[in-house]
Amino acid sequence: MLKAAWKSLLGRKVRLLMSTFAIVLGVAFVAGSFIFTDTLSRSFTAIFASSVGDVVVHPTGTPSNGAQTTRSLPASLVHKLAGAPGAARADGNVSSFSVFVVGTNNKVIGGSGPPGIGLNLTGAPAGHGIKGLAITRGHAPTGAAQVAMDTKTAERAGYHIGDTVRLVTSSRHALLRPKLVGLASFVEGGSTNGATITVFDTRTAQNLFLDGKDRFNDAWVTAKPGVSQSQLRDQVQALLPPGYKAQTGDQAAHKAASDLQKAISFIGKFLLIFAGISLVVGSFLIVNTFSILVAQRSRELALLRALGASRRQVTGSVLFEAVVLGLLGATIGLGLGVLLAMGIRALFATFGLDLTGAPLVFAPRTVVVSYVVGLVVTTLAAYLPARRSSRIPPVAALRDDIAMPESTLRRRLLAGGVLGVGGIALMLTGLFASVPQPGYWVGGGILAALLGAAAASPVIGRPFLAAAAALYRRGFGAVGRLAGENSLRNPRRTAATASALMIGLALVTTMSIVGASSKASVDKTIAENFQGDLVVSNVVGDAFSPSIGDRIARTSGVASVTRLRYGQARVQGNSTGVMGVSAATLTKVVKVDMVKGSTADLRTGTVLVTENEAVKRHLALGDTVRMKMPAGPRSYRVVGIAANNNPVLFFAYTTTLHTLVDAGFPAQDNQLLVTKAPGTSTKALQGTIDRQTAQLPTVTVKDQAGYAAEQRGPIDQLLILIYALLGLALVIAVLGIVNTLALSVIERTREVGLLRAIGLSRRQLRRMVRLEAVVIAVLGALLGVGMGIVFGLALMVSLRDQGLEAIAVPGAQLVAFVLASAVVGVLAALLPARRAARLDVLRAIASE
């Protein structure tokens, strides 16, 4: 039996190659996801190891995520630390994460995720003697008129040593024009992962980021030879006054890397979800492929049974072929995964996460998981066809009588109905019940509903196939009749192929509805709540210089400028957002629906709380909220409870600007809401402010429509990313159509020869195959779009209390999906139709 299985495999090389498509692509997505996430993790670990000293000293309570605060330590303390018994030196560091480089094309380099880092260069080694950031070309900057930057940033910006560069900062000095005098890099390797680094001398950095005070954000203490980091930390801690903390470099690097990796861990889960989708879609292709292969080998398998082979041996021979295909597909998929990881890396680079400088990490886990996935998915997908092959009576198989019994379709309909009902129950539970991890319930429900629809699709799709056959007869005559009868001949095979496309399009349709509804909700809430005339914000989502607001406030035609500032605090151990606002002018630009209290009571030391947060924390008017701020713990009195989902006041807590500054947050604005004076044209005022900020490409000025468009931007970006990742599942589905048609042509070789012999032309034969492909593609599209509409509407209904109140179904887009699927069907049929037309008539008739 083993020898026969090997000969069967080697005797059908073309079918063998086509059967590995789904395995290769599915495994490639899994491997690519692991390679990318491992590369991401290793890259951050390496850069943090090069970005800490042997011992790091910072003010107590300083966030480890790099958030800017006004906390600092005096230069005198740094000098004192240098006198620790085990210290070789101590260096003070000044840093900002809001210094952005403007390229020669007037576009911002980086941003939109990775920070724009500005710092002083001390020359101190990183922990364990690792050489950190160092000047590799030119020289270190001296004075306010000079700057250095990392080599990658200079290349991307188009700058060379000696050029005058443009920098935008969030300090009082909004625009800088220093001369580039040096290029820096991490000497012992490491990637900036899309961040930009600009280097100043210490005094200039203090003037820019610490208001000219002789202070530092943190300090590095370098150990003498033979002194461990923990020994030095204990020595340094003994010298520190209250309010300061010493950490070993290893602890600081691990903490920073762990916090960041925890924050971006969703990327790995996100990618693996789409890898799972591809594998589910691929499983349909594998099941279909083995069903066709088993049907084609029915006589061979029957002969083996007649010669004494048991059912178990026949099943085992088919599963053996599946294992070989799984190993082959996993091996090729593993190699393709490297290329796919490069593609994922390039895709994420367009969103700011640039890992092009980091080598890909090929961990042993990736190899193990890839082979396990390839083998398990292939074997499980092949099991049902293998089991079915052993149950075909030898005599029936020798007669080539392998039609699907109707009882099997009834069982599939019943199983599909059970899965569908179970899936709906799971979705409703996740959407409306208080359960842990509701996303998993919803995801499981969607998967079950999709599998249920796929199981029942031979019955569900039969009316459509019959209608298509009738239309084909009228529109294409005998060729149309043949194509319609072929699609009805094996409804399970047709529906299984369509189901692969159905899954991909169902998810695409769902996301289309979610995206359209989200954008409609944004437009609705802004129109109802934003009462200002113009919005000034930062295109990279970061803070900008308060001097911009000062200048706009002095502009003729401006009635008021309301500042918005963002911060992160901890309440009862949980991180939460806090917003500071210009309380005096807030209600002039924002409609704030108050459940209790009034915005007029908002003063220094008080907060407004959203209704959801008030319920969650059991807060009422007059209660005190205890928050952990950069400057230490603070207590604030609740003076108002606001309605949820305000598009401007979107954080859980709102307070005054002075309260945020007092809590240790820098005086940097995130948004400005501008109202015009009576008689002033909004368009004219926007033009005036645009001219004032023309040299600051990070700053944008928008009217209400532009503000809504800006809020819709991230939704469009996310949709593009999701569509790109779902694209592989759709590619697998299209390949499934190609594969099914090609194997079907091989299976019907004698029939094709007879049709050609009785007068069917090559052109008519190609048309027949194309029409079959269109039926499959359109059936999958209709099922997918229909289910996607249900999923999308259910999801949006569940999100109504999150502020997504508008529901929009992009009808034109969904019609385009169906039409595009028909075109895809035509394209997918090109190669199988060409092969069918080129068959030699006499050889085809003589084939068995």
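Quick look at the values:
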{"item": "For the chain, calculated [θ]222 nm from helices alone, where every DSSP H run of n ≥ 4 adds -39500 (n - 2.57)", "result": "-19000 deg cm²/dmol"}
{"item": "Sequence-distant residues sharing a close amide H with Leu621 (under 5 Å, placed H)", "result": "none"}
{"item": "Simple label model, 7 Å out from Cα along Cβ direction - Ala88 to Ser761, nm", "result": "8.6"}
{"item": "Approximate spin-label separation Thr429-Leu384, in nm, with each point projected 7 Å along Cα-to-Cβ", "result": "2.3"}
{"item": "Karplus 3J(HN,Hα) series, Hz, for the stretch 537-543 with 6.51 cos²θ - 1.76 cosθ + 1.60 (x for Gly, Pro)", "result": "8, 9, 5, 9, x, 9, 6"}
{"item": "Under Karplus coefficients 6.51, -1.76 and 1.60, residue-wise ³J(HN,Hα) of the stretch 228-236 in Hz, glycine/proline x", "result": "7, 4, 5, 5, 5, 4, 5, 5, 5"}
{"item": "Per-pair calculated FRET efficiency, R0 = 30 Å: Ser598 and Lys524 via Cβ, rounded to 0.05", "result": "0.75"}
{"item": "0 to 90° range, to nearest 10: angle between helix 364-391 axis and the chain longest Cα axis", "result": "30"}
{"item": "Over the stretch 535-657, relative contact order from alpha-carbon pairs under 8 Å, at least 6 apart, %", "result": "29"}
{"item": "Within straight-line cross-link reach of Lys676, lysines at Cα separation under 20 Å, skipping those fewer than 8 residues along the same chain", "result": "Lys588, Lys591, Lys702"}
{"item": "Which of Phe651, Leu608, Met629, positive extreme of dipole for the stretch 605-664 (C-beta unit charges)", "result": "Met629"}
{"item": "Mean separation of Cα contacts under 8 Å, 6 or more apart, over the residue count of the chain: relative contact order %", "result": "16"}
{"item": "Relative contact order computed over the stretch 698-848 (Cα-Cα under 8 Å; 6+ residues apart), in percent", "result": "43"}
{"item": "Lysines whose Cα lies under 16 Å from that of Lys269, excluding same-chain neighbours fewer than 8 positions away", "result": "none"}
{"item": "Carbon/sulfur fraction of accessible area - the chain, other protein chains in place, 1.4 Å, %", "result": "60"}
{"item": "Selection from Val674, Ser545, Ala478, by position along the positive dipole direction of the chain (Cβ)", "result": "Ala478"}
{"item": "Local net charge near Asn105, Cβ-Cβ under 15 Å (Lys/Arg +1, Asp/Glu -1)", "result": "+1"}
{"item": "Links that overshoot a 29 Å alpha carbon limit, given the list Lys255/Lys519; Lys152/Lys224; Lys152/Lys179; Lys107/Lys179; Lys107/Lys255", "result": "Lys255/Lys519; Lys152/Lys224; Lys107/Lys255"}
{"item": "Solvent accessible area, Å² - Arg637, 1.4 Å probe, full protein context", "result": "120"}
{"item": "Dipole axis of the chain (+1 Lys, Arg; -1 Asp, Glu on Cβ), positive-most option in Ser310, Leu431, Ser96", "result": "Ser310"}
{"item": "Dipole magnitude of the chain, debye to nearest 20 (Cβ charges: Lys/Arg +1, Asp/Glu -1, about Cα centre)", "result": "2780"}
{"item": "The stretch 627-676-the stretch 432-484 distance, computed between alpha-carbon centres (Å)", "result": "51"}
{"item": "Gyration tensor over alpha-carbon atoms, the chain, equivalent ellipsoid semi-axes in Å", "result": "61, 33, 25"}
{"item": "Computed lengthening from Ala820 to Ser681, 0.36 nm per intervening residue step minus Cα-Cα distance", "result": "45.5 nm"}
{"item": "Amide hydrogen neighbours beyond the local backbone of Val595, cut-off 5 Å, H modeled", "result": "Ile641, Ala642, Ala643"}
{"item": "The chain - accessible surface per residue (Å², probe 1.4 Å)", "result": "43"}
{"item": "Net length gained if the chain between Asp623 and Gln568 were fully extended (0.36 nm per residue, minus Cα distance)", "result": "17.7 nm"}
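The values are calculated or read from the model by the stated rules, or taken from the named source; none is laboratory data. No experiment lies behind these values; they were computed from the predicted model shown. We place every Cβ from the backbone using ideal geometry, glycine too, and count neighbours over all the protein chains shown. Just the protein is used for accessible areas: all its heavy atoms, side chains included, with ligands, DNA and RNA removed. Shrake-Rupley method; radii C 1.70, N 1.55, O 1.52, S 1.80 Å.
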